[in-house]
Amino acid sequence: MKKITSLLIALTLVILTFAACTNKNVSENDNGNVDEKPTVTLRLWGAQDDKAMLTGLIEDFKKLHTDKNWDIKLSFVGEDDAATEILKDVSAAADVFSFSSDQVATLKKSGALYRVTNPDVKTRNSAASVQAATVDGDLYAYPASAETFFLYYDKAIFSAEEVKSLEKIMAKDTGDKIRNFAMKIDDGWYSSSFFFTAGCTLFGKDGKDKTKCDFNSDKGVLAANYMIDLVNNKKFANLDDAKIKSGFKARTLGAAVSGAWNAEDIKNSLGEDFGVTKLPTVRIDSTDRNLISMANFKLYGVNAQTKFPEEAHLLANFLTDRDAQEVRFRKRNFAPTHMALAGDNDVMASNEVVAALTAQSKHSILQTSIDQVSNFWAPAEAFGTGLIDGTITKSNVKAKLDAFVNSVLATVKK
């Protein structure tokens, strides 16, 4: 009797185990027959601020592609840090990941990117975004959005006319408690705008000549002298994103340079006084010129070592198609690269942040992706720090610029 009971218990456990497995991995077709669906496990990396948006897009993707059991694990690595984290161990990195376009050459050279062969990706996106995702003539990523910086301002302090000129912004009497203008001048992404506006180039006109940087030319000296005067003005503040947001919230800041990622917080702080526009003009060498920003793109790449290449490409394509880009546009103020959206003037004008970004994009240059750019950021930060602490003056600025450029053009360590 005990043997029979034990046999029945064992048989029951087998049946229950089989049933559990069946519920997880099979479905019933229209004929009542059982079809087994494969399980696909993918890891996705994106920015922390995009959590809600990406979570929703993942669920939409699963509903659209019901032929598989999708196990998509979302983790958070910012676009600026993507290459650093991926290259620690490509095999351990995500199957699909977002990254800034200046990293595409490094990732491709390191064997971390799967080539994109879908011809629709090239035809649906802007030429500039496709160029940013291309290395040696081949496409290696899916464009998702365009990115540059522009000007936020408090309408209670400045008029739309006043913010057209940095000289007008700085000249206005706003009282002792309000800083007129802020930017992070010890960050090369922002400070390079003064050099570009003066007519300088970083790695030549096309950004690909690692032997050229003329920030120490006569034009570069003009730009640096302008920055020296700017930082010595008590109405200027060198602020990072967090302090810019807190400044607008406290109403102690009139205008500041930043990007679309801060739009929601700044708008919540300023309410009806929220203002946004392209960068102002600056007067360099007696000429008013619009500040020229450095621009890049947010891209999605597929890990060359993914175990599910077809499915990973399917997900990357979905996350960057027209509908997904419209979600980014509506929820995150990201400028689309998809021409069905970017080419629609009514759609673009409906979002004042994206409209400002689009206006500034006419005064921007594409951020280079050559390896040599890794030599630029630290010297640019050091130069900005010297401006802020006063160790760089008009009497020694040429020598400081020579040292800056020598560091930028030094041999890149492999």
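Within this structure, Thr368 passes the test of being in contact with an Asp or Glu (Cβ under 8 Å, 6 or more places away or on another chain) and within 30 Å of Ser129 (Cβ to Cβ). Between Phe181, Phe215, Phe195, the distinction of being modelled with pLDDT of 95 or more, assigned to a strand (DSSP E or B), in contact with a strand residue (DSSP E or B) (Cβ under 8 Å, 6 or more places away or on another chain) and buried (at least 16 other Cβ atoms within 10 Å of the Cβ) belongs to Phe181 only. Among the residues of region 244-262, those that are touching a residue at least 60 places away in the same chain (Cβ under 8 Å), more than 15 Å from Leu279 (Cα to Cα) and in a helix (DSSP H, G or I) comprise Ile244, Gly247, Phe248, Trp261, Asn262.
Scan region 180-198 and give yes if some residue there is among the acidic types (Asp, Glu), under 18 Å from Ala224 (Cβ atoms) and out of contact with any Lys or Arg (no Cβ under 9 Å at 6 or more places or on another chain), otherwise no. Yes - at least one qualifying residue is present in region 180-198.
Within region 16-37, can one find any residue that is part of a helix (DSSP H, G or I) and modelled with pLDDT of 90 or more? Within region 16-37, not a single residue is part of a helix (DSSP H, G or I) and modelled with pLDDT of 90 or more. Listed by position, the helices (runs of 4 or more DSSP H) inside region 306-414 whose residues that are touching a residue at least 60 places away in the same chain (Cβ under 8 Å) and surrounded by fewer than 20 Cβ atoms within 10 Å (Cβ to Cβ) number at least 2 are 309-319, 322-332, 339-342, 352-361, 377-389, 397-408.
Residues being at pLDDT below 95, under 25 Å from the mean Cα position of the chain (by Cα) and among the basic types (Lys, Arg) are entirely absent from region 394-413.
So which residues in region 263-298 are assigned to a strand (DSSP E or B) and surrounded by fewer than 20 Cβ atoms within 10 Å (Cβ to Cβ), if there are any at all? Correct list: Phe274, Thr277, Thr281, Arg283, Ile284, Thr287, Asp288, Arg289, Asn290. Taking the criterion of being open to solvent by less than 50 Å² (accessible area, probe 1.4 Å), aliphatic (A, V, I, L, M) and under 27 Å from Ile157 (Cβ atoms), the residues of region 224-253 that qualify are Met227, Ile228, Leu230, Val231, Ala237, Leu239, Ile244, Leu253.
The values are calculated or read from the model by the stated rules, or taken from the named source; none is laboratory data. These numbers come from a predicted model, not from an experiment. Heads up, the Cβs are rebuilt from the backbone with ideal geometry, glycines too, and the neighbour counts pull from every protein chain shown. Calculation scope for accessible area: heavy atoms of the full protein, side chains included, ligands and nucleic acids excluded. Shrake-Rupley method; radii C 1.70, N 1.55, O 1.52, S 1.80 Å.
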